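What follows is one structure encoded as structure tokens, with my remarks underneath.
Each reported figure results from applying straightforward, stated rules to the coordinates on display, with no laboratory input. Since this is a predicted model, take the numbers as computed values, not measurements. Counting neighbours? That spans all protein chains shown, and the Cβs are built from the backbone with ideal geometry, glycine included.
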Amino acid sequence: MKLSKIIEKCSLEKVVFCLDGEIKNGYTGDLMSDVIANANSNSIWITIQAHKNSIAVALIKDISAILFTNNVPISPEVIKKAKEENISILKTPENSFNVSGKIYSLLEGKTEQS
Amino acid sequence: MTILHSKEKLTLASELIYEIKVKDAMTRDVIYFSQDSTFREIQSSLKKHRISGAPILDEKKNIIGMVSIDNVITALDEGYVNEKVKDYMSRDIITIPQNYSLVSAIKKFEKYKFGRLPVTKNTRTDKIAGILTMGDILNCLLVSIQTIAEKVEKKEDQNTLLSDKMIGQDKKKRLQFEVKKADFDNAGQVASMIRNYLQKLNIEKQILRRVAIVCYEAEMNISIHSLGGHITVEVEETKIEIIATDYGPGIPDIEEAMRPGYTTASEQIRALGFGAGMGLPNIKRCADYLELESSMETGTILKAIIHVEGLGG
């Protein structure tokens, strides 16, 4: 599913929008090593860890979009780094559980149809 | 394949006959006779030098005629073998100036069916410069082709040497990065840099990711747990070696540290999403070989190797 469609369906706020890539998977987690170990590429990553290191992790795992939940504050450095590395940053006031559920059903619904 | 090969050679040869001058192919040391030589003398000289014809020159070395073994045979046959050549030689001579290209000589050979062509110094004189046979032309072509082939071979050798050297330089390159203590903001940057560098080397994505994960986790470990250190990445033909060294304080129990979930990280660090106790297990999972050495005096050295098949392919 296109990233733009997920953004629209889940009413996410675009902080940095780089590329409307195809999102095939999702991963929810706040532990860097856990994400590094288990996230798939072409994923949207749902987390509350809004710091520069998250961009590095996304880059290593070929994650093209990060969704920060709970309205966590995002520093200008993180935004700058995300732009540099071509990684989209999204934001939502919802918590990780709720938004993960929404995105999950979007992605799963999509696969069932096709 | 064979046909193709000989065609290529022919193309080369036909180019060469335009480039090579008669003077480059001709024999300069000319065997000749005066018009007062007898057929008998000519016959023994031709036999001695194993040639089938020669020019007749005057005192000033001007070409005045040609004599061949055929003429000698006729003389023998008709009984004038002891007579002088001047009365029987062909005066209707075809010459070629030495500055003409071989292609004109070949045309003359084809047209007149002569075995040899006397070569003149230039178009305005009959003064002899040399003698040219088809054998001379073939010989010259073969030598030229061989020279070209040798040059190509030499060049190829040089190219191979050069590219080997370049690859050697490139692939043997060691990258070293400083990792500072508790620098979480910039942590992950070393892994990014290494990843970018390896991407330029056209390393397979899967391998790239594994190297990046090893580097990232090693970098985080140094940053979180040590007083600082450095990461070295060495890319070789068959493997990528990552060495992470820190200045201490060392890991008290390596076996315990390798256990997933085991962590000594502070609450503050864990709040940032680090210190999940998964760093070393992650490294172990990604590396084909892992060696961990730790001393409470000097610090920790982590060595990880990832095998690469056909680097740059």
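Below, the figures for the structure above:
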| read-out | value |
| --- | --- |
| Projected label distance in nm at B:Tyr289 and B:Thr238, using a 7 Å step from Cα toward the beta-carbon | 0.9 nm |
| Per-residue Cβ neighbour rank within 10 angstrom, fewest leading, A:His51, B:His225, B:His307 | B:His307, A:His51, B:His225 |
| The range B:172-307: relative contact order as a whole-number percent, Cα under 8 Å and 6+ apart | 27 percent |
| Ranked list, fewest to most other Cβ atoms within 10 Å of each Cβ, for A:Ile44, A:Ile60, B:Ile243 | B:Ile243, A:Ile60, A:Ile44 |
| Positive-end residue of B:Ile305, B:Ala25, B:Ile203, charge dipole of the protein assembly as shown with Cβ unit charges | B:Ala25 |
| Angle between chain B longest axis and helix B:134-171 axis [Cα atoms, degrees, rounded to 10] | 10 degrees |
| Pair A:Phe97, A:Ile79: separation of 7 Å Cα→Cβ label points (nm) | 3.1 nm |
| Over the range B:172-307 - Rg/Rh using Cα atoms and the Kirkwood inverse-distance radius | 0.95 |
| Potential extension, B:Gln158-B:Glu19 segment - 0.36 nm per residue separation minus Cα distance | 47.4 nm |
| Nearest-ten-degree value, helix B:102-112 long axis tilted from longest Cα axis of chain B | 40 degrees |
| Listed residue (A:Pro73, A:Val15, A:Ser33) projecting farthest to the positive dipole end of chain A, Cβ model | A:Val15 |
| Additional length obtainable on full extension of the chain from B:Asp77 to B:Asp253, 0.36 nm per residue less Cα span | 52.1 nm |
| D (Stokes-Einstein, µm²/s), Kirkwood Cα radius, the range B:14-144, 1.002 mPa s at 20 °C | 142 µm²/s |
| Reach of B:Lys107 by Cα under 26 Å, taken over lysines that are not fewer than 8 positions away in the same chain | B:Lys7, B:Lys9, B:Lys21, B:Lys23, B:Lys61, B:Lys121, B:Lys127 |
| Paired Rg and Dmax values of the protein assembly as shown, which use every Cα atom, in angstrom | 42.5, 125 |
| Label-to-label distance, nm, for residues given as B:Gln268 and B:Glu59 (7 Å Cα→Cβ offset) | 11.8 nm |
| Convex hull volume of the range A:3-108 per residue (C-alpha atoms, cubic angstrom) | 79 Å³ |
| Rounded to 10°, Cα long-axis angle of helix B:205-225 versus longest principal axis of chain B | 40 degrees |
| Length-normalised contact order for chain A - Cα pairs under 8 Å, 6+ apart - percent | 30 percent |
